[in-house]
Amino acid sequence: MPQTVYVLNGPNLNLLGTREPEKYGHATLADVEKLVRTKAESFGWTVEFRQSNHEGDLVEWIQEAAAKKAVGVVLNPAGFTTTSIAILDAILAVKVPVIETHITNIHARESFRHDSYVSKGARAVICGFGVEGYALAIAGIAAIAGASTTAARKT
Ligand code: CA2
């Protein structure tokens, strides 16, 4: 059975590539999905890729990832980053490694974006690499899991 990585996207990320390209770039969320599927496949993993504008969905999906024994969760909590104790509590309640991922460098932006509740429970944090950060997060989960790439397994 292939392992699964969950990639969870918070509010307004459905707009990616259609607004504010100077901040978030031109890639759409569908492009991000393709990017992470390609990266995950290199480790032999399948992907659950989701986006929601509702905090409770993200809480339930983190719980689901743990219940289904996912190899890891890539989470861009977007606007819930600095407000959601509920998402932090969900992360703290599970053993699955959660990699908090932001497209932009939140520390180089407005001060209200700096203090992440999610970071207090995340296994690691990636920000400022654009959408490539999602692929880096998948590679980070592979490093945590000790996975080798499909290519490496063939050699
Ligand atoms: O840099 C990131 O990935 C953020 O998580 C994006 C959030 C922002 O609140 C965080 O501080 C940093 C905003 C997501 C909204 O996404 C949009 C994408 C395109 C156009 C408009 C919004």
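The values are calculated or read from the model by the stated rules, or taken from the named source; none is laboratory data. Computed from a prediction, not measured in an experiment: that's the story for all the values here. Using ideal geometry, Cβ is built from the backbone for each residue, glycine included, and neighbour counts are taken over all protein chains shown. Note: accessible area is taken over every heavy atom of the protein model, side chains too, but ligands, DNA and RNA are not part of it. Shrake-Rupley method; radii C 1.70, N 1.55, O 1.52, S 1.80 Å.
Is it the case that ALA78 is touching a Gly at 6+ places or on another chain (Cβ under 7 Å) and of a type in the set (Gly, Ala, Ser)? In short, yes. Filtering ALA86, ALA122, ALA70 for residues that are small (Gly, Ala, Ser) and in contact with a Phe, Trp or Tyr (Cβ under 7 Å, 6 or more places away or on another chain) leaves a single hit, ALA70.
Got a sec? Which of ALA143, ALA90 is open to solvent by less than 10 Å² (accessible area, probe 1.4 Å) and more than 13 Å from the chain's Cα centre (by Cα)? Only one candidate qualifies: ALA90.
Filtering the stretch 47-87 to residues that are open to solvent by 50 Å² or more (accessible area, probe 1.4 Å), over 22 Å from THR104 (Cβ atoms) and not in a helix (DSSP H, G or I) leaves GLU48, HIS54, LYS68, LYS69. Condition first: more than 17 Å from ALA135 (Cα to Cα), within 13 Å of the ligand (Cβ to nearest atom) and among the hydrophobic types (A, V, I, L, M, F, W, C). Now tell me which residues in the stretch 41-77 satisfy that. Scanning the stretch 41-77 gives a single hit, LEU58.
Check the stretch 124-132 and report whether any residue there is open to solvent by 50 Å² or more (accessible area, probe 1.4 Å), over 15 Å from VAL7 (Cβ atoms), more than 13 Å from the chain's Cα centre (by Cα) and of a type in the set (A, V, I, L, M). Scanning the stretch 124-132, I find no residue that is open to solvent by 50 Å² or more (accessible area, probe 1.4 Å), over 15 Å from VAL7 (Cβ atoms), more than 13 Å from the chain's Cα centre (by Cα) and of a type in the set (A, V, I, L, M), so the answer is no.
Taken over the stretch 62-86, the criterion of being hydrophobic (A, V, I, L, M, F, W, C) and within 17 Å of ASN12 (Cα to Cα) is satisfied by VAL74, LEU75, ALA78, PHE80.
HIS54 passes every criterion in (1) closer than 17 Å to LEU8 by Cβ; (2) touching a helix residue (DSSP H, G or I) at 6+ places or on another chain (Cβ under 9 Å); (3) not acidic (Asp, Glu) apart from (2).
One residue is enough: does the stretch 19-35 have a residue meeting the conditions closer than 24 Å to ASN105 by Cα, surrounded by 21 or more Cβ atoms within 10 Å (Cβ to Cβ) and β-branched (Val, Ile, Thr)?
Looking only at the stretch 19-35, we keep the residues that are closer than 24 Å to ASN105 by Cα, and these are 19-35.
Checking the rest, the ones that are also surrounded by 21 or more Cβ atoms within 10 Å (Cβ to Cβ) come to 32.
Imposing the further condition that a residue be β-branched (Val, Ile, Thr) reduces the set to 32.
Checking the stretch 19-35: at least one residue is closer than 24 Å to ASN105 by Cα, surrounded by 21 or more Cβ atoms within 10 Å (Cβ to Cβ) and β-branched (Val, Ile, Thr).
When residues in the stretch 97-122 are screened for being more than 10 Å from the ligand (Cβ to nearest atom), open to solvent by 10 Å² or more (accessible area, probe 1.4 Å) and in contact (Cβ under 8 Å) with a residue 40 or more places away in the chain, 2 of them pass.
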